Amino acid sequence: MSTITPHYRSVQQLLQSQSFAIDEYQREYKWEKENIDELLTDLRDKFLNCYQSGDGTQKVSTYEDYFLGSIIISKRNGKNYLVDGQQRVTSLTLLLIYLYNAAKKQDLAVVGRLEPLIFSDDYGEPSFNLDIQERLPVIEALFYGKDFNPEGKDESIQTMYARYDDIESKDLVGELGDALPHFIYWLMTKVGLIEIATDNDNYAYAIFETMNDRGKPLSPVDMLKAYLLAPIGDADQRHNANQIWKKQVLDLISSGGNHEPERDATCIKAWFRAQYADTIRDRKAGAADKDWELIGSAFHRWVRDNRGRLNLGTQVENLELISTHFTFFAKTYQLILEASRTYTKGLESVYYNAHNEFTWQNTVLLAPLCVTDDSDTVRRKIAATATYLDIWLMRRTVNYIRVGYSSTAYAMFILCRDIRGKSLSDLVTILNQKLAGDDITLDGSPSRGRTGIKGLGLNQFSRRYVYHLLARLTAYTEVNAGKPDLFDKYVDRSCPNPCDIEHIWSNDYSQYKDQFQSEQEFQDWRNGIAGLLLLPADVNRSYQDKPFAKKAPCYAQQNLYAASLTASAYQHQPQFTSFLKQQELPFKPYDQFGKTEQLERRQLVEALANCVWSPDRLQEVLS
C-alpha cells in the first residue's frame, strides 16, 4: 500500500548522502537573479539577527530556525525524484558549492561536513547528490573550479552557471567575515524544509496539484490592494480603482516584453522605501526590524500599521494613493527599468549602474520624486541621482570597497532620506555636498589605507568593475574624438564576438624578468589597470601571447583607446588632438611598453577617470 510521509528535514538531513533526480518532463531550472538575491538576503539577515561577534560555533545550536517551505518527492529505484522543489534544491546546491569552495580556501574544519551535502562517495568516485545527468558537467566544473563555457548548452546549464556567478557577486563570504563557519553550521542544521515523500507518482502529483492549484495564498500585492479598496464604498469608484490597479500591475510584470510575476511587488517595495521609510534596523545583533526591513518583508502589513503616516483609511485618501501615487511611481519605475535595459540619451547613468548590477538603484532613483513633477523634471532628477550613484560606486570599486546589497543598504537608506522629495536644484546641491565630503575618491581613501586607481588591478573581485571602467574610458575617448558612443556595444556579452579584457603584456615572465624581482610582482603589474584594454574576443585570443611590438599594429585598428598606444591614432584626427590639448590628457604613442611606459599610462588612466567620473556632471542636468 502506498504511503504519504511528511517529515521536517534540516538541510543537512535532507541532502546528506541522498541522491535527487527529476523526470524528463520537468521544467528547466528557471530561477532568476532576483530569486537568488532574495534567498541569500533572507538567509543572511535571519542569521545576522542571531549571531553576535565572539560566539563560538556551538552557540549556533541556539539560533532561530529558518523555514524554506516544502518539497515533494517520489521514491523509486533508489532515488528521490523531485516532483516539486527542483528550483530550491538546485539553488541550495549552488550555494553549498560556493560555501564549500570558500571554506576549503580558508581551510575551515566545516568542509568535511559540507562535502556529503554535495556529493557522495561511490566506490571511490564522487557521485553528485543532484543527479541530473545533463547538468553534471556544470556542477562538476563549479565544484572543482574548472573553466566552463555555458554558451550553446541547454537552458538549465546556462541558468545554473549564471546563478552561481550571481552568488559569487553577492560576496556573502566577504560580508560574513569571521562568521562564515557559524553561517555554514546554521545553514546545515537550522534551515529546514518539509519533505513530503511517497512511493507512488500519482499520489505525489495529486499532492502537488492540491498545494499549487487550490487555495493559493494571496500575494502581498493582492492583500495591499484589498486593504486599499475596502474603504471605497462607491461601487463604480471601487471598480475604477481596481481597474487602475490591475493595469499598473499588468504593465509592471510584463515590462520590456519579459514576464516577471514578482516585479509588481519589487516596485512597491522600492516606492515605499524611497518615499516613506524613516527608520532602519540598528546595526547590531538582535536588533528589531524597522521601516526599511519591514517594507522589504511584508509591505502590506507595514502599510496597514502606518496608515496614519501615509494618510490612508478613507475612500478619498485610498483612491488618491491608487489613482495618483501608484500610477505615477509604477510608470516611473518602468521608465527606470527601460533605461536600465536600453542605453538611453540623458539617462546613460541608469544604464551604467545597471551594468554594475547595483541592486539599490531602482529604489534610490524614486526618492527625490514628487507626484507633481512633470516628465522633464522626473527625467532630470533620475539623471542627477543616477549620476551621483555612478560616481559613488566607482569611487568604491576602484578602492576594493564592497558595494553589495547588504554592504550598502544603510548608506542607501540615508541617501533616500536625505534627498526625499527635493526640488531639482536642492537635489543637485545635496548630491554635490555628499561627493565633496566623501572620504573615498578615485585617488584613494586615507582613512582606509586605499590607493584608488593607482592600486587597481584585475582579480576575481574587480573583474566586473575593471571591464566596466575600460568600456567607459574607451567610449569617453571616442565620443570626445567625434565618434559614436559605443559603450553599450562594448559591454554587450550576448553579441557573437563580445569584447574581452586584453593584457598588453603577454603572460611570459621571461620577456620582463629584468624589470621585476619575482614572477608575482610581474603578474601584479601585468594585471594593473594601465596594462589592460578592451578588444573583440577573437582579436584578444589571436594576439594575447605576442609581444607589444607585434600587437601594436593590431591595436591601431581597434577602438581609439587601444589605438592611442600607436602613432597612427594621432594622424588625421583633429578632434582627438584638440580634445587632448583642451583636457591636458597625457595620451602618447609607444614603440615599446615596459614598466616605465605603464607608469606613464597609469597617469593617463587617472586623468581620464577623473574626467569620466567628475562631479561636474551633476551640473549638466540643470542646463
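The requirement of being in a helix (DSSP H, G or I), open to solvent by 20 Å² or more (accessible area, probe 1.4 Å), in contact (Cβ under 8 Å) with a residue 40 or more places away in the chain and in contact with a Ser or Thr (Cβ under 7 Å, 6 or more places away or on another chain) is fulfilled somewhere in segment 611-622, by at least one residue. Whenever a residue of segment 227-246 is without any contact (Cβ under 8 Å) to a residue 40 or more places away in the chain and part of a helix (DSSP H, G or I), its partners that are aliphatic (A, V, I, L, M) and open to solvent by less than 60 Å² (accessible area, probe 1.4 Å), lying with C-beta atoms within less than 6 angstrom and at least six residues away or across chains, give the pairs 238/229; 238/232. Taken over segment 15-57, the criterion of being modelled with pLDDT under 85, touching a strand residue (DSSP E or B) at 6+ places or on another chain (Cβ under 8 Å) and not polar (S, T, N, Q) is satisfied by 20, 21, 22, 23. Is it fair to say residue 88 is on the phi < 0 side of the Ramachandran plot, touching a residue at least 40 places away in the same chain (Cβ under 8 Å) and surrounded by fewer than 18 Cβ atoms within 10 Å (Cβ to Cβ)? When the stated conditions are applied, residue 88 does not pass them. Of everything in segment 420-473 that is surrounded by fewer than 16 Cβ atoms within 10 Å (Cβ to Cβ) and in contact with a Gly (Cβ under 9 Å, 6 or more places away or on another chain), the residue that is farthest from residue 377 (Cα to Cα) is 455. The residues of segment 225-260 that are among the acidic types (Asp, Glu) and modelled with pLDDT of 90 or more, listed by number, are 236, 251.
Of the numbered criteria (1) modelled with pLDDT under 95; (2) open to solvent by 70 Å² or more (accessible area, probe 1.4 Å), the one residue 315 fails is (2).
One residue is enough: does segment 285-294 have a residue meeting the conditions more than 30 Å from residue 176 (Cβ to Cβ) and either hydroxyl-bearing (Ser, Thr, Tyr) or out of contact with any Asp or Glu (no Cβ under 9 Å at 6 or more places or on another chain) (or both)? The answer is no; no qualifying residue exists.
Please find, among 375, 407, the residue that is in contact (Cβ under 8 Å) with a residue 60 or more places away in the chain and either charged (D, E, K, R) or open to solvent by 50 Å² or more (accessible area, probe 1.4 Å) (or both). So that I can check it myself, show each step before the final result.
Values: 375 fails: in contact (Cβ under 8 Å) with a residue 60 or more places away in the chain.
Of the residues listed, the single one that is in contact (Cβ under 8 Å) with a residue 60 or more places away in the chain and either charged (D, E, K, R) or open to solvent by 50 Å² or more (accessible area, probe 1.4 Å) (or both) is 407.
With respect to the conditions (1) touching a residue at least 60 places away in the same chain (Cβ under 8 Å); (2) within 27 Å of residue 499 (Cα to Cα); (3) of a type in the set (Lys, Arg); (4) in a helix (DSSP H, G or I), residue 417 lacks only one, and its number is (2).
Residue check: residue 303 meets all listed conditions (1) under 27 Å from residue 491 (Cα atoms); (2) open to solvent by less than 30 Å² (accessible area, probe 1.4 Å) but one, namely (1). Taking segment 390-414 as the range and being part of a helix (DSSP H, G or I) and of a type outside the set (A, V, I, L, M) as the test, the residues that pass are 390, 392, 395, 396, 397, 405, 406, 407, 408, 410, 413.
In segment 594-608, the count of residues that are surrounded by 18 or more Cβ atoms within 10 Å (Cβ to Cβ), assigned to a loop (DSSP other than H, G, I, E, B) and hydrophobic (A, V, I, L, M, F, W, C) is zero.
Looking across segment 304-325, the residues that are touching a Phe, Trp or Tyr at 6+ places or on another chain (Cβ under 7 Å) and part of a helix (DSSP H, G or I) come down to 304, 322. From the list 483, 489, 454, the lone residue that is farther than 27 Å from residue 166 by Cα and part of a helix (DSSP H, G or I) is 454. The residues of segment 253-269 that are among the small types (Gly, Ala, Ser) and either part of a loop (DSSP other than H, G, I, E, B) or over 17 Å from residue 326 (Cα atoms) (or both), listed by number, are 254, 256, 257. In the set 70, 61, only one residue is touching a Pro at 6+ places or on another chain (Cβ under 9 Å), surrounded by fewer than 22 Cβ atoms within 10 Å (Cβ to Cβ), of a type in the set (Ser, Thr, Tyr) and more than 26 Å from residue 143 (Cβ to Cβ); that residue is 70. Inside segment 326-361, residues that are open to solvent by 30 Å² or more (accessible area, probe 1.4 Å), modelled with pLDDT of 95 or more and closer than 15 Å to residue 391 by Cα make up a count of 4. Taken together, 562, 549, 607 contain a single residue that is under 25 Å from residue 515 (Cα atoms), out of contact with any Lys or Arg (no Cβ under 9 Å at 6 or more places or on another chain) and at pLDDT 95 or above, which is 562. A Cβ distance below 9 Å, combined with a sequence gap of six or more or placement on separate chains, defines the contacts here; from segment 296-309, residues that are within 16 Å of residue 413 (Cβ to Cβ) reach residues that are among the basic types (Lys, Arg) and at pLDDT 95 or above in the pairs 296/269; 296/273; 299/269; 299/273. Can you tell me which residues in segment 487-504 are under 23 Å from the mean Cα position of the chain (by Cα) and either without any contact (Cβ under 8 Å) to a residue 24 or more places away in the chain or surrounded by fewer than 19 Cβ atoms within 10 Å (Cβ to Cβ) (or both)? Of everything in segment 487-504, those that are under 23 Å from the mean Cα position of the chain (by Cα) and either without any contact (Cβ under 8 Å) to a residue 24 or more places away in the chain or surrounded by fewer than 19 Cβ atoms within 10 Å (Cβ to Cβ) (or both) turn out to be 488, 489, 492, 493, 494, 495, 498, 500, 501. Remark: residue 476 falls outside the filter, which requires a residue to be assigned to a helix (DSSP H, G or I), open to solvent by 10 Å² or more (accessible area, probe 1.4 Å), of a type outside the set (Asp, Glu) and within 26 Å of residue 102 (Cβ to Cβ).
Quick test for you: out of 161, 98, 123, pick the one residue that is aromatic (Phe, Trp, Tyr), open to solvent by 60 Å² or more (accessible area, probe 1.4 Å) and modelled with pLDDT of 90 or more.
Residue meeting the stated conditions: 161.
Summed over segment 561-578, residues that are open to solvent by 10 Å² or more (accessible area, probe 1.4 Å) and in a helix (DSSP H, G or I) total 7. Against the conditions (1) in contact (Cβ under 8 Å) with a residue 60 or more places away in the chain; (2) within 15 Å of residue 130 (Cβ to Cβ); (3) not β-branched (Val, Ile, Thr), residue 70 satisfies every one except (2). The residues of segment 40-58 that are open to solvent by 20 Å² or more (accessible area, probe 1.4 Å) and either assigned to a helix (DSSP H, G or I) or aliphatic (A, V, I, L, M) (or both), listed by number, are 42, 45, 46, 48, 57, 58.
The values are calculated or read from the model by the stated rules, or taken from the named source; none is laboratory data. If you're wondering where the values come from, they're calculated on a predicted model, not measured in any experiment. Note: ideal-geometry Cβ built from the backbone for every residue, glycine included; neighbour counts use all protein chains shown. Accessible surface areas use protein heavy atoms only, side chains included; no ligands, DNA or RNA. Shrake-Rupley method; radii C 1.70, N 1.55, O 1.52, S 1.80 Å.
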